[in-house]
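Working notes for the structure below.
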Amino acid sequence: MAKQVDALIVGGGFGGIRLVDLLQNRLGLSVVAVEKGSELGGTWYWNQYPGAQTDTESWVYRFSDDRSPPKWNTRYLQAPALQRQIVDTAKDLKVADSYLLDNEVVSAHYDATTNRWNIATNKGLTFSATYFITALGILTNPYTPAFPGIDTFKGTSFHSARWPKGLDVTNKRIGIIGTGPSGSQIAATIHKEVAQLTVFQQRAQYIVPVNDRPVSEAEKAEIYANYDAIWDTVWGSLFAMGFAESDKSALEVSEEERRQVYQRIWEKGGGFRFFFETFKDIATSLEANETAAAFVRDKIAEIVKDPATAKLLQPKGPYGGRPLCTQGYYEAFNEPNVALVDISSNRIARITPTGIALGDGQTFDFDIIVYATGFDGVDGAYHNIDIRGRDGITLGEAWKGGANGLYGVSIAGFPNFFTVTGPGGPFANMLPSIELQGNFIQSLIKEARDKGYRTVEADGDAQKKWAETVQAISKVTVFDHVKSWIQNNNVEGKQKYSAFFLAGLKTYIAKLNEESAANFPSFVTAK
């Protein structure tokens with residue numbers, strides 16, 4: 001017999017624990033939360049590869065109302081510390097006991113006769129819930145291309161998001177396919193330990209230094225003395241990273257001043273800082289964008305000693321997608337045990353029992369192959385669950401023209417189903433985004449219960465209009481010109497479709513406030 005609950009929440013990361021707290025502790029609902037991992041952590045439980053870390057500074061990679069003493073000691077948190085932060089937060093909020101671990105939700109079907117969701121896990125557990133909330137994360141569904149022969153390799157191979165715990169790479173021959181965030185962080189971290197590291201590059205990336213460093217107790221005290229002001233900056237900015245974004249165009253200053261600005265932020269470190277603290281129009285003007293791109297290409301030429309390797313590492317085209325940062329990536333290619341192989345034209349033909357074979361017949365032997373090939377992002381994880389709304393329509397059918405949700409939280413035809421960081425949400429620091437969306441979902445549910453509504457969902461026309469707005473905004477940004485998971489076109493077979501509202505968090509906040517103040521006119525309810 002299915003267990004009856006008010007709400008079932010999927011996900012054991014920051015989004016999941018936040019929603020459990022809001023619905024269980026603040027609204028008083030009965031809640032069950034389900035996480036497929038063996039521990040809480042969400043993305044940061046799975047992404048434990050060497051060098052994995054956030055690109056958001058520690059003091060704003062948390063919820064604004066979390067004023068507990070800081071346990072972080074570095075500017076950016078490494079994956080193990082991030083997972084501990086999630087576990088500690090869950091314990092502090094007293095929501096950890098609401099979780100069922102090692103369970104994966106495989107189906108969620110809406111029953112219009114009872115106005116409830118019938119939900120099942122892979123372990124045979126079943127639930128009946130009034131509200132079904134997913135906090136699946138934006139980068140949780142690993143994507144590995146279907147290379148011929150992928151199952152024949154006799155060594156160890158895995159996706160970077162499934163790095164085996166305790167794996168020793170000392171004196172191993174390693175092949176890494178991919179040069180995005182994971183690939184670049186892994187290469188920069190392990191190259192000094194391995195016998196040979198070969199990086200297979202499909203597309204060169206713009207990568208700036210992260211410049212992580214210890215944070216002293218005095219600096220922590222200063223940060224917390226100004227914490228309210230820092231969070232005012234977060235809420236009043238476009239991308240919520242805790243720094244003042246530039247209000248100056250890259251095109252209104254001299255070449256000398258431009259380079260001084262880029263150099264200063266290059267030395268400070270951080271991908272988002274380089275992209276948004278330098279000049280205001282790098283993301284919106286191709287001409288301005290090229291000034292930043294040229295600076296990074298020049299830096300690569302300065303750092304990498306071999307001209308041929310440097311040329312391969314210099315990206316072509318606009319600088320966009322998620323702004324990448326790591327430490328020592330380009331420097332690694334100066335080491336004698338590190339090689340770069342360009343596969344943009346000479347593609348991988350197959351995986352062999354001993355390694356990798358290219359189209360021109362070249363072969364490479366490895367002990368370990370790492371598929372740092374990215375994720376089927378944002379909506380990807382939803383396709384692992386059989387979600388069916390009113391009249392049995394599947395979520396896949398509802399999203400056949402492109403995955404979208406009203407404000408990234410609700411989908412027409414799926415009553416009482418809410419998504420945290422779902423398609424159509426803001427492109428910004430994840431934790432403030434989660435906080436905003438969680439509060440909005442809590443308000444929607446409270447409004448519905450206070451007024452006796454049995455269901456609440458996005459109005460179809462309002463959702464369509466929001467989706468059109470999301471795509472129209474994307475079209476006038478540089479992001480539209482760069483192939484990436486942000487545009488949903490990094491996975492073979494998926495159509496290009498912006499996954500994010502790119503007009504900034506403060507614009508998104510204004511829209512949610514407008515919606516709430518007008519008593520949610522873009523949603524439909526039923527008693």
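Across all directions, the shadow cast by the convex hull of region 18-164 built on its C-alpha atoms averages 11.8 square nanometres. Entry note, the chain: the mean residue ellipticity at 222 nm calculated from DSSP H runs of n ≥ 4, each adding -39500 (n - 2.57), is -9000 deg cm²/dmol after division by the residues and rounding to the nearest 500. The C-alpha atoms of region 435-527 occupy a region whose extents along the principal axes are 46, 29, 23 Å, arranged from largest to smallest.
Averaged per residue, region 454-527 has 48 square angstrom of accessible surface, using a 1.4 angstrom probe with ligands and nucleic acids left out.
What distance in nm lies between label points placed 7 Å from Cα along the C-beta direction at Lys154 and Leu125? Each label point lies 7 Å from its Cα, and together they span 4.3 nm.
The angle between the Cα long axis of helix 255-268 and the main principal axis of the chain comes to about 70°, on a 0 to 90 degree scale. The slack in the chain from Ala339 to Leu27, taken as 0.36 nm per residue of separation less the alpha-carbon distance, amounts to 106.7 nm. Computed with a 1.4 Å probe over protein heavy atoms only, the accessible surface of region 204-273 comes to 48 Å² per residue. Note on Glu267 and Lys446: with the Förster distance fixed at 56 Å, the Cβ-Cβ geometry gives a FRET efficiency of about 0.75.
For helix 79-92, what angle does its Cα long axis make with the longest principal axis of the chain, in degrees from 0 to 90 and rounded to 10? Helix 79-92 sits at roughly 20 degrees to that axis.
Counting only protein heavy atoms, what percent of the accessible surface of the chain is carbon or sulfur at a 1.4 Å probe? Carbon and sulfur: 49 percent of the exposed surface of the chain. Between region 290-319 and region 423-439, how far is it from one alpha carbon centroid to the other, in angstrom? Answer, in whole Å: 33. In region 340-484, the alpha-carbon atoms span a convex hull of 179 Å³ per residue. Whole-percent P(r), region 377-449, all Cα pairs, 10 Å bins from 0: 19, 51, 28, 2. Note on exposure: Lys494, Lys165, Lys268 ranked by accessible area (1.4 Å probe, complete protein assembly) read Lys165, Lys268, Lys494, with the most exposed listed first.
This model, with +1 at the C-beta of Lys and Arg and -1 at the C-beta of Asp and Glu, gives the chain a dipole about its Cα centre of some 820 debye. Counting 0.36 nm for each residue step from Thr74 to Glu468 and taking away their Cα separation leaves a gain of 137.8 nm. Shown are His383, His109, His191, whose ranking by accessible area with a 1.4 Å probe and every protein chain present, most to least, is His383, His109, His191.
DSSP finds beta bridges in region 403-527, and of those with both partners inside it, around 75 percent are antiparallel.
Restricting region 316-377 to trypsin sites (Lys or Arg not before Pro) that sit in a DSSP loop and have at most 16 other Cβ atoms within 10 Å of their own Cβ leaves Lys316, Arg347.
For the chain, the alpha carbon convex hull comes to 151 Å³ per residue, rounded to a whole number. Against the main long axis of the alpha-carbon atoms of the chain, helix 505-517 sits at an angle near 0°. Reported to the nearest whole Å, the Cα centre-to-centre distance from region 449-485 to region 370-412 is 13.
Computed over protein heavy atoms with a 1.4 Å probe, the accessible surface of region 146-188 works out to 44 Å² per residue. As a test, work out the antiparallel percent of DSSP beta bridges whose residues both lie in the chain, rounded to the nearest 5. In the chain, approximately 40 percent of DSSP beta bridges are antiparallel ones. Sparse packing (at most 10 other Cβ atoms within 10 Å of the Cβ) combined with a DSSP loop state is found for the following trypsin sites (Lys or Arg not before Pro) in region 391-491: Lys400. Taking Lys496 as the anchor, which aspartates and glutamates have their alpha carbon closer than 19 Å to its alpha carbon, excluding any fewer than eight residues away along the same chain? By straight Cα distance, Lys496 reaches Asp376, Asp379, Glu397, Glu468, Asp480. When the C-alpha to C-alpha distance is required to be over 29 Å, the pairs from Lys71/Lys316; Lys220/Lys316; Lys3/Lys165; Lys248/Lys299; Lys475/Lys511 that qualify are Lys71/Lys316; Lys220/Lys316; Lys3/Lys165. Summarised as an ellipsoid, region 289-408 has semi-axes of 38, 23, 13 Å, derived from the eigenvalues of the Cα gyration tensor scaled by 5 and square-rooted, with the largest first. Ratio of Rg to Rh for region 1-73: 1.04 [Cα atoms; Kirkwood radius as inverse mean 1/r over pairs]. The heavy atoms of Leu139 present about 40 square angstrom of accessible area, all protein chains included, probe 1.4 Å.
Relative to its Kirkwood radius, the Cα radius of gyration of region 155-263 gives an Rg/Rh of 1.10.
The values are calculated or read from the model by the stated rules, or taken from the named source; none is laboratory data. Worth saying up front: this structure is predicted, and the values here are computed from it rather than measured. A quick note on method: Cβ atoms are made from the backbone with ideal geometry, for glycine too, and the neighbour counts reach across all protein chains shown. Just the protein is used for accessible areas: all its heavy atoms, side chains included, with ligands, DNA and RNA removed. Shrake-Rupley method; radii C 1.70, N 1.55, O 1.52, S 1.80 Å.
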